[in-house]
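Take a look at the structure below.
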Amino acid sequence: MSVFRLIFNILWFVLGGFVMGLLWWLVGLLCFISIIGIPFGRSCFVIGEMAFWPFGQDAVNRRYVNRYDDIGTGTLGTLGNVVWFLLFGIWLALGHLGHAIVCFISIIGIPFGIQHLKLAMLSLAPIGKTVVARRAMIN
C-alpha cells in the first residue's frame, strides 16, 4: 500500500502539489510578519507540508488527538478561523478548487481532485486541526 502512496504523492507533487504547497508556505511567511500571525504561520507550514504529500495523511481536530480542548479548539479558535477565512482561507480554497476542477477533467486525475477538495475544505478553517498519518488514525 505504501508503494501506491509514494507513486501518488510523486505524481501529485509534479502535477500541482508543488505549487499549492509553496502557496501555503508563502502565506505562512506573510503571517510571520506580525506577532499575532505566528500561530497562523505555524499552521500554514504544517498544512503546506501536507499539501506537498497529501496521500496517507489526514487533518483532524486536535481535540480528538489530544483528548482535551486547547486554545485552538475553543472559542478563540473559531474567531481565528473567521479571521483566517477572510484574509487567506478563501484564496487558498479557490486555488485548490481550481486545481481540483482541472484534475476532475480526466478519469486518472480524480484521486488528485479529491485531495485538492480535502485541502480546500481544510484551508477554509485550519485553526484547531492537526495533520496525522492515516494509519495512526486506525489504531
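Just so you know, all these numbers are worked out from the coordinates, no wet-lab data involved. Not measured: the values here are computed from a predicted model. Cβ: placed from backbone, ideal geometry, glycine included. Neighbour counts: every protein chain shown.
The stretch between V3 and W91 holds 28.4 nm of extra length on full extension. This uses 0.36 nm per residue minus the Cα-Cα distance.
Taking the longest Cα principal axis of the chain as reference, the axis of helix 38-52 is set at about 10 degrees. To the nearest ten degrees, helix 75-84 and the longest principal axis of the Cα atoms of the chain are 60 degrees apart.
The distance between label points at V83 and L29 comes to 2.3 nm (points 7 Å beyond Cα on the Cα→Cβ vector).
Panel order for L11, L23, by other beta carbons found within 10 Å of each beta carbon, from fewest to most: L11, L23. With both labels modelled 7 Å from their Cα along Cα-to-Cβ, the F104 to N61 distance reads 2.7 nm.
Expressed as an acute angle from 0 to 90° and rounded to the nearest 10, what is the orientation of the C-alpha long axis of helix 18-31 relative to the principal long axis of the chain? It is inclined by approximately 10 degrees. In terms of its C-alpha gyration tensor, segment 64-139 comes out oblate, because a/c is 1.5 or above while a/b does not outweigh b/c.
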